[in-house]
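Report on the following structure.
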Amino acid sequence: MQLQQLSYVLAVAEERHFTRAAATLHLAQPSLSRQIRLLERELGVLLFNRGPGQGLVTLTAEGEALLPFIRRVLADVEATSDEARALAGMTRGRLSIGATPSLITRVLAPALVGFHASHPGIELLVVEAGSRQLVHQLASGEVDLALVVLPINDPGVATRPLFDDPLVLAVAPDHPLAGRARVKVSDLNELPLVMFREGYDLRAVTLAACRDAGVEPRLVSQGGEMDGVLAFVAAGLGAAVVPAIAMPAQSTLVAIPFTRPGLSRTVALAHRHDRPLPRPAQALSDLLVALGDGDLSGPSVGNGLPGGERT
């Protein structure tokens, strides 16, 4: 059974005449009659009572019974086509985008504002998680596109670096290091640190840098999320190594850069390697790449740094 044959049946049923239906369909009448006979043979029922000359026809009882189903199938196909055209034009649809917590506010939020202004019919689903979890969600299809921190060691995930995000030491204004223009990784030795939870990219980066420098920080708190860690730092519990981009715009916290070459992380876009991006995801990807080319990390790096210095 072919959809085209169903459209032929509907045309003949509406015209009640093979010749007029063929003209409407821009089809030769013998070809129309042949296609309907083939369909009747496949279904095992007669759909039309044919008069002399194959002209004027009426629906059989079986044809009358099947006609509503034929209309419904053709209507569903047309609705599917309309929906596909809408998605192609991005007037409707859904986009699932993931990001690490520190990238949600300063990177993803401005991009989504711009995307929504251009494509208000696309529903946006934001998933906040660490890079490792986001990679799993990309692989399972739960997320279309994700902002992650490199490296990503998964052959099924393709990445595109966006920008390097410097890390700084966040301290309270009355912290002993608050007056320093820069700090060394060695300054973290025995320094009370507020540490992120397991699975957080920043935790791994900080502890790896300390191991490489042969220092041992003193972890006074573990398991926090970004907001909690910054709140603990502001309360004087300890210092924290955080992305410069995550420092609040209006804050009394002091962000001290590390001496060159400093500490940094590379932020990248990630998506499944084995399939093309859906059109909405590609549009958002292009927007994020454009923002990254404009030095997305730039405005926030100097925020709160002594003398506006950048790492």
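Miscellaneous remarks
- Projecting the Cα positions of Ala111, Ala290, Gly223 onto the charge dipole of the chain (unit charges on Cβ atoms of Lys, Arg, Asp and Glu, taken about the Cα centre) puts Ala290 furthest along the positive direction.
- Based on C-alpha pairs under 8 angstrom that are at least 6 apart in sequence, the chain has a relative contact order of 19 percent.
- Under 11 Å, Cβ to Cβ, from Leu56 - net charge with Lys/Arg +1 and Asp/Glu -1: +2
- Proportion of all alpha-carbon pairs of region 73-183 beyond 19 Å (%): 62 percent
- Annotation: per residue accessible area for region 206-248 equals 43 Å², rounded to a whole number [probe 1.4 Å, protein chains only].
- When the residues Glu15, Glu190, Glu62 are ordered by accessible surface, computed with a 1.4 Å probe over the protein chains alone, the sequence from largest down reads Glu190, Glu62, Glu15.
- Per-residue HN-Hα couplings for region 38-50 [Karplus 6.51, -1.76, 1.60; θ = phi - 60°; Hz; x = Gly/Pro]: 4, 5, 4, 5, 5, 7, x, 9, 8, 9, 10, 8, 9
- Simple point charges give the picture: +1 on the Cβ of Lys and Arg, -1 on the Cβ of Asp and Glu, and for the chain a dipole about the Cα centre of about 500 debye.
- Summed residue charge, Cβ within 12 Å of Ala158's Cβ, Lys/Arg positive, Asp/Glu negative: +1
- Counting only DSSP beta bridges whose two residues both lie in the chain, roughly 60 percent are antiparallel.
- With θ taken as phi - 60° and the Karplus curve 6.51 cos²θ - 1.76 cosθ + 1.60 applied, the whole-hertz 3J(HN,Hα) list for region 20-30 is 5, 4, 4, 5, 4, 7, 6, 9, 5, 4, x Hz, x standing for glycine and proline.
- Cβ crowding within 10 Å averaged over residues, with 119-129, 158-168 ranked highest first: 158-168, 119-129
- When you work out D = kT/(6 pi eta Rh) for region 1-120 at 37 °C and 0.692 mPa s, using the Kirkwood radius from C-alpha pairs as Rh and the Stokes-Einstein form, the result is 185 µm²/s.
The values are calculated or read from the model by the stated rules, or taken from the named source; none is laboratory data. In this text, all values refer to a predicted model and were calculated from it rather than measured experimentally. Backbone-built Cβ (ideal geometry, glycine too); neighbour counts: all protein chains shown. The protein model used for the area step is the full one, side chains on, heavy atoms only, and it has no ligands, DNA or RNA in it. Shrake-Rupley method; radii C 1.70, N 1.55, O 1.52, S 1.80 Å.
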